[in-house]
Amino acid sequence: MARVLIVEDDFAIRAALKRVLTERGDAVAVAGTGMSGMSVLMQEQPDIVLLDLGLPDIDGFGVLGMLRAVSDVPVIVITAQDDDRSIVRALDAGADDYVTKPFGADQVAARIRAVLRRSRPGPDEDDADLVIGELVIDPRGREVTIAGTEVSLSRKEFDILLVLASRVGVVVTKRELLAEVWQQPYGGADRTVDVHLSWLRRKLGETAARPRYLHSVRGVGVRLVNPGAGTP
């Protein structure tokens, strides 16, 4: 069972989602505006949030920014804006996934299960720190430092880095990242991976043009390297 918060101003959509999720055993709270959604978030401490971008009081991106300032709860954006720019903006702002309208409630339920699987640490997660040059990754505490300075990563950014760090020097394809981080073993969502890799690079203090740890292999994928060992 998951505690789900739905922030959606359309009553029909809100009611349909609540009915389907409640029937599958989830505890569902709802809000019709951004501000009321933030209030419910603080009171209920949900496991996941479904957030509409077209809210009547505050732009959904603004709500996402406020939410990310106080919580690392997974967020699935629900939007009628299916253009690349809006989707990338939502992912950049901290969304974990997105669903474009119209959609089936069962599809949303499946997305929730996938996001929650990735947000909960697995029992086989290695406890030992991974050290690559000045980069230190603590899988158990989900903490990252570079030269002793803490690097604040989102859940997806950390998961991507952990996958790459567990295969230092090996090229990992976008399809493999989708399968392991998003639980989506199929193509068509490369842009999602690209956005999160771009954000991860910025936080590691590098760019695709001037990489240190994350080296792209055109048409194949990306690999994590030790800068002190030279660029492969």
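Which one is nearest to the chain's Cα centre (by Cα), of the residues in the stretch 142-168 that are over 20 Å from Leu116 (Cβ atoms) and at pLDDT below 90?
Among those residues, the one meeting the criterion is Ser166.
With under 30 Å from Lys203 (Cβ atoms) and hydrophobic (A, V, I, L, M, F, W, C) as the only criterion, which of Val99, Val20 stands out?
Going through Val99, Val20 in turn, the sole match is Val99.
So Leu67 ticks every box in (1) over 22 Å from Arg191 (Cα atoms); (2) free of Cβ contacts under 8 Å to residues at least 60 places away in the same chain; (3) outside the structural domain of Leu41 (by TED's automatic domain parsing) but one. Which box is left unticked?
Condition (3) is where Leu67 drops out.
The values are calculated or read from the model by the stated rules, or taken from the named source; none is laboratory data. What you are looking at is a predicted structure, and each value in this text was computed from that prediction instead of being measured. Cβ coordinates were reconstructed from backbone atoms using ideal geometry, including for glycine residues, and neighbour counts include every protein chain displayed.
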